[in-house]
1. Report, by chain and number, residues whose modeled amide H sits under 5 Å from the one on residue 79, excluding near sequence neighbours (fewer than 5 apart, same chain).
2. Multiply the residue separation of residue 16 and residue 81 by 0.36 nm, subtract the distance between their alpha-carbon atoms, and state the gained length in nm to one decimal.
3. For segment 86-150, give the magnitude of the charge dipole about the Cα centre (Cβ charges: +1 Lys/Arg, -1 Asp/Glu; no others), in debye to the nearest 20.
4. Taking amide H positions as placed in the peptide plane 1.01 Å from N, state which residues far from residue 85 in sequence (5 or more) or on other chains have amide H under 5 Å from it.
5. Counting other Cβ atoms within 10 Å, keep those with at most 12, restrict to DSSP loop, and tell me which trypsin sites (Lys or Arg not before Pro) in segment 1-107 are left.
6. Quick one: with all protein chains in place, what share of the accessible area of the chain is carbon or sulfur, to the nearest percent (1.4 Å probe)?
7. Between residue 71 and residue 167, what is 0.36 nm times their sequence separation minus the Cα-Cα distance? Round to one decimal in nm.
8. Each residue of segment 197-213 in order: what ³J(HN,Hα) in whole Hz does its phi give by Karplus 6.51 cos²θ - 1.76 cosθ + 1.60, θ = phi - 60°, with x for Gly and Pro?
Amino acid sequence: MTVTTARTVLNINDVCVTYPDGDHTVAALDHVTFSARAGELTAVVGESGSGKSTLLSVASGLSAADSGSVDVDGSTGMVFQSANLLGSLTVREQLLVTDHIRGTRIDRSRRRRADGLLSRVGLDGFGDRRIHQLSGGQRQRVNIARALTGDPALLLADEPTSALDHALSRRIVELLRDLTTERGLATVLVTHDRSLLDQADHVVEMRDGTLVC
Ligand SMILES: Nc1ncnc2c1ncn2[C@@H]1O[C@H](COP(=O)(O)OP(=O)(O)OP(=O)(O)O)[C@@H](O)[C@H]1O
């Protein structure tokens, strides 16, 4: 029998993050060790304030760890809680804005690639619409497509379904699940909705800044 182990894309080792809290400090992450592998969806659950967002923030490099190490093999895409999309841009432009900022020429192949991603997330033909013309679920699909534009190895999603009803939440998580397999993404999904956990390969729980598995 051949046993192949998927590539580790995110490796968080013995990480601590503390924040000042009056005269004290609060340990948002307390010696956390965590990894995410290619082609696998890992769900992170836990009470409010348990450290889930801090874990993603450290994984993405948006905040630094006080101690320990964070290694990512490849680039990172992020899907945020509230779809922070730009109202003045079309749906297609939301996907091209990073290229634009980088000064990359936006030629026909870039546009075609953006349309391909939109089609993959279920938004075929929506490229010319503006954000206010989309439903909440469709906005989150744009957010997911945008997170994929840089061809990430690691996809971090912080409560991507918090504004959606149950059926829509499920469809969004199923989409993340399918994209994880198809693209070999290491996906880390923070959610408080335990009914979605059947879509995950692994579930970890955070409690007071520590991981309990
Ligand atoms: N910038 C900050 N300054 C001070 N304390 C912070 C800061 N960010 C987070 N914390 C504290 O760190 C702990 C972990 O917060 P974190 O946002 O990671 O939790 P969470 O599990 O994501 O919560 P939620 O589900 O409510 O989003 C909490 O006690 C929080 O109050």
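1. The list, which skips near neighbours in sequence, is 156, 157, 158.
2. Roughly 21.0 nm would be gained on extension.
3. Details: 14 positive and 6 negative charges, 23 e Å.
Charge dipole of segment 86-150: 100 debye, to the nearest 20.
4. none
5. Numbers: sites: 7, 37, 52, 92, 102, 105; in loops: 7, 105.
The qualifying sites are 105.
6. Working: 4930 of 10800 Å².
The computed percentage sits at 46.
7. 31.0 nm
8. 5, 5, 7, 8, 7, 9, 10, 10, 10, 9, 9, 6, x, 10, 9, 10, 9
The values are calculated or read from the model by the stated rules, or taken from the named source; none is laboratory data. Since this is a predicted model, take the numbers as computed values, not measurements. Here the Cβ is made from the backbone with ideal geometry for all residues, glycine too, and neighbour counts use every protein chain on show. Keep in mind that these areas ignore ligands, DNA and RNA; they rest on the heavy atoms of the full protein, side chains included. Shrake-Rupley method; radii C 1.70, N 1.55, O 1.52, S 1.80 Å.
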